[in-house]
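These notes concern the structure reproduced below.
The values are calculated or read from the model by the stated rules, or taken from the named source; none is laboratory data. Keep in mind the model is a prediction, meaning the values are calculated, not measured. As a convention, Cβ positions derive from the backbone with ideal geometry for all residues, glycine included, and neighbour counts pool all protein chains shown. Side chains are part of the model used for accessible areas, which takes the heavy atoms of the whole protein and leaves out ligands, DNA and RNA. Shrake-Rupley method; radii C 1.70, N 1.55, O 1.52, S 1.80 Å.
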Amino acid sequence: MKFYIVTPSYNALHWLQCCVRSVADQVCDGVEVHHHVQDGASTDGTSAWLEAWQQQHADTPGYKLTFESIKDRGMYDAINRAWEKIPTDADVTAHLNSDEQYVPLALRGIAREFVKHPDAEVAIGTYIVVDSQGRYICHRRPIKPKRWISHTVCEIITCACFHKVSAFMRHGIRFESRWRAIADVVFFRDIVNASPSFLIIPNLITSIFAVTGGNLQWSSTSAEEWLQLMSAESWWWRYRHAFAYRWCHLKKIFYDKFLKSPASYSLFLEGEENRSNCIIKKPTSYWKKRTQGE
C-alpha cells in the first residue's frame, strides 16, 4: 500500500527532523511511503537539511521525500498545497504536523486494517500525548464521530487520521485557509457531514502528539477565531456546545476503561538519530495538562 504523508513546516527544524525520521522508518513489506514537506520559506536551515536528507535517501527502496520551500498563508494553506501534489498511485494520505510523529509500524497497521475493511474511507487510530521532552501525559482513543458533536467539537485529531485517497479526492474537502488556528474544526465537520465510511481502531496506536507550548489550538488566535466561528452559529448550537464537548471527552474516557492500556511507546527525541523507548508507568486517558509545567 502506498502512503502519501504531508507535513507543513515553518522554522521548526528541531521538531521536523524527528517527524521526518518517524515517517521514513515506516517502510516495510507491503508499505511504501512518499513524504512531502511543504515549508513556508523557513530561515532556520530547514531547506538545507531536507535537501541533504533527500539526497541521502534517494536510493532507499519504498521511500521518497519531496519538499517545497515557498511563502504561504499559514499552516493550512501549506497542507492544501501539499495535497495538490497527491501522486496518482497513492492509496492513503494523511497529515502529520512537524512536531508530531508516527510510532513504529503505524502505517503497516493502517494498511492491514484498510485491507481487512476495503469499504472503509477514513481510518482513525489512538495517539499518545507527550510533553516537549517526550514524557508521557496521556493517550487518547478514537470514537466514531457524530454530526451533532462534530458541528462545534473537533472529534478527530489529524495525526491519527488516515484518508483513502479515492474517497478524499471524490469528497474534495480541504482546509479553509482563512482560519489560522481552528481550521481543523471546520475541516472535520465537513468530513463527517460527507458521511464517509469510518474505521475506528482503538487498539492501534499510530501517533505521538507533542504538547510544545506553542500549539495553535491554545493560542490567542485560536480563541479569537473560535468566538468568530461561534458567533455565526445559531443560539441552539452555541447552547449545546458545552454539553457536546463534555460528552465527547467523557465517552473517550469511558471506552478506554474496557481496552488494554498501552505499556510503552517509541519516539525520536531532538538531536537523536534513533528512537527512544519510554515506559508508561501510569497509563491514563485523562488529559490533565496542556503544556509542560502546568
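Mind checking which pairs have a first residue in region 226-237 that is touching a residue at least 60 places away in the same chain (Cβ under 8 Å) and a second that is open to solvent by 50 Å² or more (accessible area, probe 1.4 Å) and part of a helix (DSSP H, G or I), Cβ under 6 Å, 6 or more apart or different chains?
Within 6 Å, the pairs are Met230/Arg238.
Which condition from (1) closer than 18 Å to Tyr4 by Cα; (2) in contact (Cβ under 8 Å) with a residue 24 or more places away in the chain; (3) open to solvent by 10 Å² or more (accessible area, probe 1.4 Å); (4) part of a helix (DSSP H, G or I) is the one that Gln54 breaks?
Going through (1) closer than 18 Å to Tyr4 by Cα; (2) in contact (Cβ under 8 Å) with a residue 24 or more places away in the chain; (3) open to solvent by 10 Å² or more (accessible area, probe 1.4 Å); (4) part of a helix (DSSP H, G or I) one by one, Gln54 breaks only (2).
If I go through region 177-186 residue by residue, how many of them are surrounded by 17 or more Cβ atoms within 10 Å (Cβ to Cβ) and free of Cβ contacts under 8 Å to residues at least 40 places away in the same chain? Spell out how you get there, then give the answer.
Filtering region 177-186 for residues surrounded by 17 or more Cβ atoms within 10 Å (Cβ to Cβ) gives 177, 179-186.
Checking the rest, the ones that are also free of Cβ contacts under 8 Å to residues at least 40 places away in the same chain come to 184.
Of the residues in that region, 1 qualify.
Name the residue, out of Ser195, Ser266, Ser276, that is exposed (fewer than 15 other Cβ atoms within 10 Å of the Cβ) and part of a strand (DSSP E or B).
Values: Ser195 fails: part of a strand (DSSP E or B); Ser266 fails: exposed (fewer than 15 other Cβ atoms within 10 Å of the Cβ).
After ruling out the rest, the residue left standing is Ser276.
Collect the residues in region 18-33 that are open to solvent by 30 Å² or more (accessible area, probe 1.4 Å) and within 16 Å of the chain's Cα centre (by Cα), keeping them in residue-number order. If you could, list the steps in order and put the result at the bottom.
Just the residues of region 18-33 that are open to solvent by 30 Å² or more (accessible area, probe 1.4 Å), to begin with: 21, 25, 27-30, 32.
Passing the criteria: only Arg21.
I'd like to know if region 137-160 contains one or more residues that are within 19 Å of Arg21 (Cβ to Cβ) and open to solvent by 60 Å² or more (accessible area, probe 1.4 Å).
no
Would you pick out the residues in region 108-143 that are among the basic types (Lys, Arg) and either assigned to a strand (DSSP E or B) or modelled with pLDDT under 95 (or both)? Working first, answer last.
Residues of region 108-143 among the basic types (Lys, Arg): 108, 112, 116, 135, 140-141.
Result: Arg140, single match.
Here is a list of conditions, (1) open to solvent by less than 60 Å² (accessible area, probe 1.4 Å); (2) more than 27 Å from Leu16 (Cα to Cα); (3) out of contact with any Ser or Thr (no Cβ under 9 Å at 6 or more places or on another chain), and Trp287 meets all of them except one; can you say which number that is?
The single condition Trp287 does not satisfy is (2).
Somewhere in region 246-256, is a residue out of contact with any strand residue (DSSP E or B) (no Cβ under 6 Å at 6 or more places or on another chain), acidic (Asp, Glu), assigned to a loop (DSSP other than H, G, I, E, B) and open to solvent by less than 100 Å² (accessible area, probe 1.4 Å)?
no
List, please: which pairs have Cβ atoms under 9 Å, are six or more places apart or on different chains, and start with a residue in region 66-93 that is acidic (Asp, Glu) and end with one that is surrounded by fewer than 16 Cβ atoms within 10 Å (Cβ to Cβ) and assigned to a helix (DSSP H, G or I)?
So the pair list comes out as Asp91/Ser166.
Sort through Thr66, Thr88 and tell me the only one that's surrounded by fewer than 17 Cβ atoms within 10 Å (Cβ to Cβ), of a type in the set (S, T, N, Q) and part of a strand (DSSP E or B).
Working: Thr88 fails: part of a strand (DSSP E or B).
Result: Thr66 is the single residue among Thr66, Thr88 that is surrounded by fewer than 17 Cβ atoms within 10 Å (Cβ to Cβ), of a type in the set (S, T, N, Q) and part of a strand (DSSP E or B).
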